[in-house]
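First comes the structure, then the notes that go with it.
The values are calculated or read from the model by the stated rules, or taken from the named source; none is laboratory data. This is a predicted model, so every value here is computed, not measured. Note: ideal-geometry Cβ built from the backbone for every residue, glycine included; neighbour counts use all protein chains shown. Accessible surface is based on the protein model in full, side chains and every heavy atom, while ligands, DNA and RNA are left aside. Shrake-Rupley method; radii C 1.70, N 1.55, O 1.52, S 1.80 Å.
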Amino acid sequence: MTAIARSWTWILGAAIVTLVPGVLILVWPDETLHVLAVLIGLYLLLTGAIRCVTAFAREDHGDRLAGLLVAVLYVLAGVLCLRNPLQTITALSLIVGLLWLASGLLTLYPAIAAKDLPHRWVVLGAALLGIVAGIVVLALPAESARALTRLLGLWLVLLGLAELVTAFAWRAALRRSGMPPDVPGSAD
């Protein structure tokens, strides 16, 4: 297994697996968000169904009722996600915006209060960046989700290209060493 994993073709495969979704995300960012929202909705529906089944498996009727209520909430959330996928993405963006804002604010305090904090200006900069990012996402949640999707696509494309270069550099290094590049484990 180790010999196969060291083959340059596995690096090439990883590059393609990274590059293709990145290109698809960049070409169809809105559709990517729609698919994500649908997957979240399906996950919530499935989880609701599983919780419903497990609720009926309980012996205590009080536990059963609580389990059924949670199952119904999951199913309702799943239906809402499937009914309006953009609303799902907006809600997720709001959660991320709140998280970034809270994280920035909680990081800002030690950056200001601790005078002997190593790299204090870096921590302060990160805190301010988190606060600004949180405010922007909270002010424009749907637009922020689209922008973050495009950034994800760009990151995947750049990472895939770097892996592609690495794969061919690995193959060239194998050839220079006199080992056949197509044989798994020839990098040993």
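So for region 76-91 (the condition being under 21 Å from TYR43 (Cα atoms), in contact (Cβ under 8 Å) with a residue 60 or more places away in the chain and of a type outside the set (S, T, N, Q)), does at least one residue qualify?
There is no residue in region 76-91 that is under 21 Å from TYR43 (Cα atoms), in contact (Cβ under 8 Å) with a residue 60 or more places away in the chain and of a type outside the set (S, T, N, Q).
Just wondering, is there one or more residues in region 6-21 that are at pLDDT below 90, open to solvent by less than 60 Å² (accessible area, probe 1.4 Å) and not in a helix (DSSP H, G or I)?
The answer is yes, given that some residue of region 6-21 is at pLDDT below 90, open to solvent by less than 60 Å² (accessible area, probe 1.4 Å) and not in a helix (DSSP H, G or I).
Within region 55-77, track down each residue that is surrounded by fewer than 17 Cβ atoms within 10 Å (Cβ to Cβ) and at pLDDT below 90.
Listed by number, the residues that qualify are PHE56, ALA57, ARG58, GLU59, ASP60, HIS61, GLY62, ASP63, ARG64, LEU65, ALA66.
Quick check on GLY41: is it outside any loop (DSSP other than H, G, I, E, B), in contact (Cβ under 8 Å) with a residue 40 or more places away in the chain and within 22 Å of THR90 (Cα to Cα)?
Details: outside any loop (DSSP other than H, G, I, E, B): yes; in contact (Cβ under 8 Å) with a residue 40 or more places away in the chain: yes; within 22 Å of THR90 (Cα to Cα): yes.
Criteria met by GLY41.
If I ask for residues that are farther than 30 Å from LEU158 by Cα, of a type in the set (A, V, I, L, M) and surrounded by 15 or more Cβ atoms within 10 Å (Cβ to Cβ), which ones from region 39-54 would you list?
Passing the criteria: LEU44, LEU45.
Can you tell me which condition LEU36 does not meet? The list is (1) open to solvent by less than 40 Å² (accessible area, probe 1.4 Å); (2) within 21 Å of the chain's Cα centre (by Cα); (3) of a type in the set (A, V, I, L, M, F, W, C); (4) under 30 Å from LEU82 (Cα atoms), and all the others hold.
All conditions are met except number (1).
I need a count of the residues in region 95-128 that are in contact with a helix residue (DSSP H, G or I) (Cβ under 8 Å, 6 or more places away or on another chain) and either crowded, with 16+ Cβ neighbours inside 10 Å or part of a loop (DSSP other than H, G, I, E, B) (or both).
15
Answer with yes or no whether ALA147 is aliphatic (A, V, I, L, M) and more than 22 Å from the chain's Cα centre (by Cα).
Taking the combined requirement at face value, the residue does not satisfy it.
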